[in-house]
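These notes concern the structure reproduced below.
Nothing in this text is a laboratory measurement; each read-out follows from the coordinates by a stated rule. Keep in mind that this is a model prediction, so the values were computed, not measured. Using ideal geometry, Cβ is built from the backbone for each residue, glycine included, and neighbour counts are taken over all protein chains shown.
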Amino acid sequence: MAVDDWICGFEEVRSGLTTDVYLERMMEALRRDGKADTHVWAEFSGDLPDGYEWGVFAGLNEVMGLLNGRRVDVWALPEGSVFRGEDVNGIEEPVMVISGPYSEFALLETAILGILSYNCGVATAAARVKVAAEGAPVFAFGIRRMHPALAAVSDRAAYIGGVDGFSGVAAGRRLGITPVGTMPHSFILIYGRQEDAWSAFDKYAPPDVPRTLLCDTLSDEKDEVIRAAKLLGARLSAVRLDTPKSRRGDFEHIVREVRWELDRLGFKKVRIMVSGGLDEKSIRGLKKAGADMFGVGTSIAAARVIDFSMDLCEVGGKPVSKRGRFSGVKNVYRCADCLTDVVVGWGDSVEKCPKCGGIMKPAMIKVMESGRPLVNEDIQKIRTRSMQQTLKLGLNLDSNR
């Protein structure tokens, strides 16, 4: 088998060839008994990882691409919306509902769940890091930590979550956003001398690329930072510290040392970027120590997935559920003020928020009718929605849910 045969393309996914085999066997039995086109309602809900109070909904664009042209109607939270595993009353909270003949989407269940689990996991991790950074720039540097076929998917989800930029050129081309980056250690090692590499970067990088120099390759961080500042002078925008954990010791103290030396030499406007093994827990201490920007890789791109499931809640017009679930089609009402959610039966409503008394409104909207997409939002609008809601909710790193 050729190497490229292991990468499943969009048409292969859309045709159901990435499904679980038991769904193929099920559909064969349903077809033979004339039940494959039974009209059903299916809801999708996610179980958040321990310690997570909310997630960020992402991946809707891909799901709509799979369902395009099929005989289904779809309601969903607008992409970029926050969601919870359960509402204020402990009821599982759907992020999306599909209505139509079961045969139209049964073989896509596996793909849809995978899309939502990964996209929401990355977007949520990015949002947690961005909230923890308390306004400081955060950049996604993690596409080397996952399969390259998902490079654009990962960076798009991270951008929805709130990162200020990403390193991947694939997502950059698709979104019309210029990717960001500094320099690798290999660049320094090939030149053999830090000043030679820094000078080459300064000479050949486009004028609009900030002069951010990597300062931890061959000697002490403080020493390299001082040398970089003296070399570029006023052209130096930032220094990046990517110190390996075997040499890191007290990384916060290293940042404080570097900040002190830059200020002492009159480079108070030169910013400090840190990267390497960062997450929402380590960022706050580094920011307090003096770090100005963060490059975050593994904890975003290889984020903990959101454990999504699809459950039939109505079959042939009758409410149904498996054990441990709640029967009937559901909607989510959300408070515009405090973002409290209440799950209700389809067609029911809630007027006032049980927590703050604010006005409750339906959170899900119809995004597809008879297989025709009804929404196509700009990525900036999606990202703004995500950031507004996650910043409002905040981040409790001591939470046990």
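Are there any trypsin sites (Lys or Arg not before Pro) in the stretch 20-65 that are in a DSSP loop and have at most 16 other Cβ atoms within 10 Å? List them by number.
Loop-located and lightly packed - K35.
For a quick protection proxy, order the peptides 156-164, 61-69 by their average other-Cβ count within 10 Å, most packed first.
In decreasing order of mean packing, 156-164, 61-69 become 156-164, 61-69.
Which entries in the list K130/K230; K322/K355; K222/K281; K203/K269; K281/K392 go over 29 Å, if you measure between the two C-alpha atoms of each?
K130/K230; K322/K355
Comparing S81, S99, S154, which has the greatest mean-square fluctuation in the GNM of the chain with Cα pairs linked when under 10 Å apart?
Judging by the Gaussian network model, the answer is S99.
With each label point set 7 Å from Cα along the Cα-Cβ vector, what nm distance links A302 and S15?
Between A302 and S15, the simple spin-label model gives 3.4 nm.
Kirkwood Rh and Cα-based Rg: tell me the resulting Rg over Rh for the stretch 123-301, rounded to two decimals.
Ratio of gyration radius to Kirkwood radius: 0.95.
What does the helix-only formula give at 222 nm for the chain: each DSSP H stretch with n ≥ 4 adding -39500 (n - 2.57), the total divided by the residues, and the result rounded to the nearest 500 deg cm²/dmol?
-10500 deg cm²/dmol
Over the chain, with a Gaussian network built from C-alpha contacts below 10 Å, which listed residue (I300, I98, I379) shows the highest mean-square fluctuation?
Greatest mean-square fluctuation among the candidates belongs to I379.
Along Cα→Cβ, 7 Å out, is where each label goes; now give me the distance between the ones at D348 and K230 in nm to one decimal.
Calculated label separation equals 7.3 nm.
Mind giving me the FRET efficiency for E28 and R173? R0 is 35 Å, r the Cβ-Cβ distance, nearest 0.05 is fine.
Efficiency, rounded to the nearest 0.05: 0.30.
Write down, largest first, the equivalent ellipsoid semi-axes of the stretch 70-146 in whole Å, where each equals the square root of 5 times an eigenvalue of the alpha-carbon gyration tensor.
For the stretch 70-146, the semi-axes come out at 29, 18, 10 Å.
Give the peptides 389-397, 337-345 in descending order of average Cβ contacts within 10 Å, highest first.
Ranking, from highest mean packing down: 337-345, 389-397.
Pulled fully out, how much extra length does the chain show between I359 and T384, if you take 0.36 nm times their separation in residues and subtract their Cα-Cα distance?
Length gained between I359 and T384: 6.8 nm.
How large is ³J(HN,Hα), in whole Hz, for each residue of the stretch 99-109 in order, when computed from phi with the Karplus curve 6.51 cos²θ - 1.76 cosθ + 1.60 and θ = phi - 60°, using x for Gly and Pro?
Values, residue by residue: 10, x, x, 4, 4, 6, 9, 4, 6, 9, 4 Hz.
Going by alpha carbons, how many degrees (0 to 90, nearest 10) lie between the helix axis of 21-32 and the longest principal axis of the chain?
20
Put +1 on the Cβ of each Lys and Arg and -1 on the Cβ of each Asp and Glu in the stretch 123-301; which of V296, I272, L236 then has its Cα farthest toward the positive end of the dipole?
Result: V296.
When Lys and Arg each count +1 and Asp and Glu each count -1, what net charge do the other residues less than 13 Å away from S154, Cβ to Cβ, add up to?
+2
Just to be sure I understand: with springs between alpha-carbon atoms less than 10 Å apart, which residue in W54, W346, W75 has the highest mean-square fluctuation in the Gaussian network model of the chain?
W346
No solvent, one uniform scatterer per C-alpha: report log10 I(q)/I(0) for the chain via the Debye equation at q = 0.06, 0.09, 0.13 1/Å, two decimals.
Rounded to two decimals, the profile gives -0.30, -0.62, -1.07.
Calculate the FRET efficiency for R264 and E369 from the Cβ-Cβ distance with a Förster distance of 60 Å, rounded to the nearest 0.05.
0.40
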